[in-house]
Amino acid sequence: MNRKTLSLLSVLPLLFSCTSTGGGFYEFDEAVTNENGSAYYEIFVRSFYDTDDNGLGDLKGVEEKLSYLQNLGIAGIWLMPIHPSDSYHKYDVKDYRDIDPEYGTLADFDSLIESANDHDIDIIIDLVINHSSSNHPWFIAAQQQKRDNACSAADSKCNYYNWSDSPKTGYARSDTANAYYEARFSSSMPDMNLDNDYVVDEFEAIVDFWLERGVKGFRLDAVTSFYTGNSTKNVQFLTNFQNYVKSKNPDAFVIGEAWENLNNVFYQYASSGMNFFNFPMSELNYGGTAKSVQTMYGINFARTLVNSEVQLKQVSSVAKNALIISNHDMDRSAGYLLGDQGKIAASAYLLSPGYPFMYYGEEIGLKGSRGGAMTDANRRLPMIWSSTDDEGMCDNPPGADYDTQYQITNGAYDNLEIENSLTNHYKKVLNVRNKYGIIHDGLYNYTDTGNDAIAMFTITKGSETIYLVHNFSNVAQTFDLG
């Protein structure tokens, strides 16, 4: 029996292969790049980097920070909605084929795509299919046609939406139309009628538009709400959408937001062939990552991750897991992962199969929670780049009231100068991931070492095998290898 001891407070994983005589803590490999990586980085453009000193982040700001992201080891960027909108978050889209003037122009977007390609970084964009803005030309015309009883034509805009002549749960009133329209999220976000072939044609044309501009894929918002209460129709729509995108670009990446339990996500939605965020693994109260870190229960993380992989592969041979520890709809992880817990969590989820997604600022410990005002704006606060230079600093989103005394002071560039900073830890872990492609698409099995603090994986792909070991505690642990 071999004995392996994890060093005190070590938060980097232990790696070794089946042919090695011993293992060791990973050393940073300068020769490794992001070129073959698979980790994504979610950006709320408004809060990322401001290049024209108006307090709002912009696409030029994202382009300016591509070298930082490449150096960090990022292989892809998910841009939250960038289309013209009346809200600060831009999930109410007024024009699916343009850029919100606050963020720039289509020319700025084209420049970003070109630069991202030069940095080996893929760009995917948020595509909001479930609803449009109430100020979208489609809905403005729809209300007028509904009022004038002009809905008989198959391509009538009023048939782009769902209507009722009487009040219904989940519907809002249009005084213009003298009728009620489905709007499950907000009266400013009327739900689309996705049974209408003309609506489907519209979104397929929108997909074409952005793929032709160099977008590498899409993140689909609120996919379980496309047909409220009807997961069968949701899955069928997603299957058709996935097939259409792949027919245009077989390498395109599509991922969906499905806030559902694991069985629903993997046994139903993953049958579409799409990738999905693994929210049950990611949420604080019952998620496999944060809960395992907080309780120092590594075996729970290992067991939960492998079980989710088994479930997924029973349904789809192509869909992959996507782990997170926070995003724009969740309290930031730095608020509840304390001390080295943030590093342990980063090692665990960034070295998981599939496509892990970081949330901007996560790598510097940026904080933010809904707070007393119960506003998501507090979860989308400005990125901090330097403690001594405010250049590029963005203003808070409207409604944000997070107490600055609890916010971090060091920015990304400060942390890169500190050897053991959280930022450099993320950089090292992503270096591991980018060096060993088997971490992305290998077959994971876990070993119960008899020590509950240890998460040990055997990862295989063809003739290649590596062993990955995490210590979820804050003290040295000893474990046995058979």
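Applying both filters, DSSP loop and at most 13 other Cβ atoms within 10 Å, to the chymotrypsin sites (Phe, Trp or Tyr not before Pro) of the stretch 262-311 gives Tyr286.
Projected over all directions and averaged, the alpha-carbon convex hull of the stretch 238-383 occupies 9.4 nm². If you take every DSSP beta bridge fully contained in the chain, what fraction is antiparallel? Give it as a percent rounded to 5. Antiparallel bridges make up about 60 percent of those DSSP assigns within the chain.
Measuring between their Cα centroids, the stretch 365-413 and the stretch 204-265 lie 31 Å from each other. Provide, for q = 0.15, 0.20, 0.28, 0.29 Å⁻¹, the log10 of I(q)/I(0) from a solvent-free Debye sum over equal Cα point scatterers in the stretch 316-359. Once normalised to I(0) and log-transformed, intensities are -0.41, -0.66, -1.03, -1.07. As I understand it, the value is the acute angle between the Cα axis of helix 197-212 and the longest principal axis of the Cα atoms of the chain; what does it come to in degrees, rounded to 10? Taking Cα atoms only, the helix is inclined about 50 degrees. Report summary: the helix-based calculation at 222 nm, which adds -39500 (n - 2.57) for every DSSP H run with n ≥ 4 and divides by the residues of the chain, gives -8500 deg cm²/dmol. For the stretch 127-196, applying the loop criterion from DSSP together with a ceiling of 15 other beta carbons within 10 Å to the trypsin sites (Lys or Arg not before Pro) yields Lys168.
In a DSSP loop and with at most 16 other Cβ atoms within 10 Å, the trypsin sites (Lys or Arg not before Pro) in the stretch 73-103 are Arg97.
Dimensions of the chain from C-alpha coordinates, computed as largest minus smallest value along each principal axis and given longest first, are 81, 52, 43 Å. Excluding the site residues themselves, the longest part of the chain lacking any GluC sites (Glu not before Pro) in a DSSP loop with at most 14 other Cβ atoms within 10 Å is 36-390.
Remark: the stretch 451-459, residue by residue, has Karplus-estimated 3J(HN,Hα) of 10, 5, 7, 9, 10, 10, 10, 9, 10 Hz, where x stands for each Gly or Pro and the curve is 6.51 cos²θ - 1.76 cosθ + 1.60 at θ = phi - 60°. Each residue of the stretch 107-158 gets 116 Å³ once the volume of the Cα convex hull is shared out per residue. Considering the stretch 139-229 at the alpha-carbon level, its Rg and Dmax are found to be 14.5, 45 Å.
Can you list the lysines whose alpha carbon sits under 16 Å from that of Lys291, skipping same-chain ones fewer than 8 residues off? Partners within reach: Lys343.
Sorted largest first, the spans of the alpha carbon positions of the stretch 137-182 along the three principal axes are 27, 18, 16 Å.
Spin-label pair Glu417-Thr458: with each label point 7 Å from Cα along the Cα-Cβ axis, the two points sit 4.8 nm from one another.
Rule-based calculations on the coordinates, nothing more; no lab input. As the structure is a prediction and not an experimental result, all values here were calculated from the model. Here the Cβ is made from the backbone with ideal geometry for all residues, glycine too, and neighbour counts use every protein chain on show.
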